[in-house]
Amino acid sequence: MAFEIKECFIKGLYEIQPKVFGDSRGYFFEVYSEKDFKEAGLCMNFVQDNQSCSSQGVLRGLHFQKQHPQGKLVRAVFGKVYDVAVDLRKGSETFGKFHGVLLDGEKQNQFYIPQGFAHGFYVLSEKAVFAYKCTDFYHPEDEGGILWNDPTIGIDWAKYAGNSEPLLSEKDKKHPAFDKDEKYFDMNSKWIGRI
């Protein structure tokens, strides 16, 4: 197997470390192998690849799609980011909890986030190229979000940002707070909240 795949404390989230083969000329590794992922119990079907480039201090998130939830296999192609997933599956033991992973372009580690989670990341390096494979297409009219610094969720962005104020899009500044009484997704990642 070309990967070490470990499930996180939140069921459904996986940290993935590909085997990187390097020498004085550079390196090679497999980013994704359907065979190896299926062998580890990850049977997703990717339909879209996305990539962004962001400067240090940029925070993107916390995003999700409602009727068209996306599973995402994320990684930093170059640079470093703190990547976070928040469990929005009503009925889950970890509903409203988050898990964060440091993604590093030198380590080439990855993070799999299934449907039913909100996702965001914070750029730690001077610049970061961030890439992710998605299990559904992007539907701009279907976007949802949660406020990046919601106190109930309590993501420890400051651990990496220090006293710096993150750089946010206007849209990300206006997401609503997390509501523990809201119905976001059911345990099958089907949207059961308000449209």
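All of the numbers you see were taken from the coordinates with simple rules; none came from a lab. Keep in mind the model is a prediction, meaning the values are calculated, not measured. All Cβ positions, even for glycine, are placed from backbone atoms using ideal geometry, and neighbour counts span all protein chains on display.
Descriptive notes on the structure:
- For the range 8-48, GluC sites (Glu not before Pro) meeting the loop criterion (DSSP other than H, G, I, E, B) and having at most 16 other Cβ atoms within 10 Å: Glu30.
- Taking every DSSP helix (H) stretch of at least 4 residues in the chain, weighting each as -39,500 (n - 2.57) and dividing the sum by the residue count yields a mean residue ellipticity at 222 nm of -1500 deg cm²/dmol.
- Residue range of the chain that is longest and free of trypsin sites (Lys or Arg not before Pro) which are both DSSP loop and sparsely packed (at most 16 other C-beta within 10 Å): 26-96
- FRET efficiency, His139 to Phe21 (Cβ-Cβ, R0 30 Å, nearest 0.05): 0.20
- Anchor Lys11: lysines whose Cα lies under 21 Å away (excluding residues fewer than 8 positions away in-chain): Lys38, Lys66, Lys72, Lys90, Lys97, Lys133, Lys180, Lys183, Lys190
- Loop-resident sites, the range 92-195, for GluC sites (Glu not before Pro), counting at most 16 other Cβ within 10 Å (DSSP): Glu93, Glu106, Glu126, Glu182
- Segment Asp36..Lys190, full-extension length gain: 52.8 nm, with 0.36 nm per residue of separation and the alpha-carbon distance subtracted.
- When only Cα pairs below 8 angstrom with a gap of at least 6 residues are kept, the chain shows a relative contact order of 27 percent.
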